[in-house]
Amino acid sequence: MSDMNSGSTRIDTSKRTWLIASGCAGVAGGVATAIPFVSTFQPSEKAKAAGAAVEVDISALKVGEKITVEWRGKPVWILKRSPEQIAELPKLDGQLADPLSKRHPDEFTPKYAQNEHRSIKPDVLVVVGICTHLGCSPTDRFQAGPQPSLPNDWEGGFLCPCHGSTFDLAGRVFKNKPAPDNLPVPPHMYLSDTKLLIGEDSKKA
């Protein structure tokens with residue numbers, strides 16, 4: 001009688017141990033499965049950075065200099081133009097495909113950049129450095145005068161090395177070039193005289 005009770009106790013204990021172990025394994029497996037699933041609801045750091053606005057200090061930017069920052073995986077150029085370069089822009093209107101940036105303004109030129117210098121401040125150009133033809137990145141050709149692949153009356157700007165599209169120092173494309181549109185002006189605003197925010201604007205400009 002006592003032997004039977006002892007055997008029953010041993011069997012029950014074994015079953016209880018097996019059930020506990022199985023339960024723990026199941027819970028652990030469920031948690032391990034749930035963690036990756038739940039994490040898919042949280043945006044990655046890379047995804048958050050891809051759409052985030054970028055703050056840029058331009059206090060050290062000198063006339064004739066250009067800096068490049070990345071926004072949404074694209075190069076954004078910030079160029080400080082001289083008074084002479086700004087004065088030259090209206091003289092080029094007759095050579096340009098879209099001098100007043102009227103084409104596709106919602107996509108390429110915010111309202112506050114629909115002017116001859118295509119910028120909020122005349123001396124600071126902010127454009128996406130990607131050619132509107134096939135997505136190559138144009139190169140700087142700031143020096144005026146005759147140069148290879150450029151006209152003799154060149155006043156400075158950008159040259160796309162892929163198919164020869166040329167842009168002036170406001171990012172406006174010249175006529176009869178493969179690129180159909182001016183370089184895009186990204187949404188941007190000034191946080192102060194020397195700080196730019198690329199990717200957001202005041203919506204009031």
*asked:* Set the bar at 19 Å for Cα to Cα. Now go through Lys80/Lys121; Lys80/Lys175; Lys62/Lys111 and name every pair that lies beyond it.
replied: Lys80/Lys175; Lys62/Lys111
*With a 1.4 Å probe and every protein chain left in place, tell me how much accessible area Asp98 has, in Å² to the nearest 10.*
10
*Could you calculate the contour length gain from Ala53 to Glu84, that is, 0.36 nm times the residue separation minus the distance between their Cα atoms, to one decimal place in nm?*
8.0 nm
*What does a probe at Gln114 reach in the stretch 185-199, counting residues whose amide N is under 17 Å from the point 7 Å along Cα→Cβ?*
185-188
*trypsin sites (Lys or Arg not before Pro) restricted to DSSP loop in the stretch 85-158 with at most 14 other C-beta within 10 Å*: Lys102
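The values are calculated or read from the model by the stated rules, or taken from the named source; none is laboratory data. Because the structure is a prediction, the values reported are computed rather than measured. We place every Cβ from the backbone using ideal geometry, glycine too, and count neighbours over all the protein chains shown. With ligands, DNA and RNA removed, areas are computed over all heavy atoms of the protein, side chains included. Shrake-Rupley method; radii C 1.70, N 1.55, O 1.52, S 1.80 Å.
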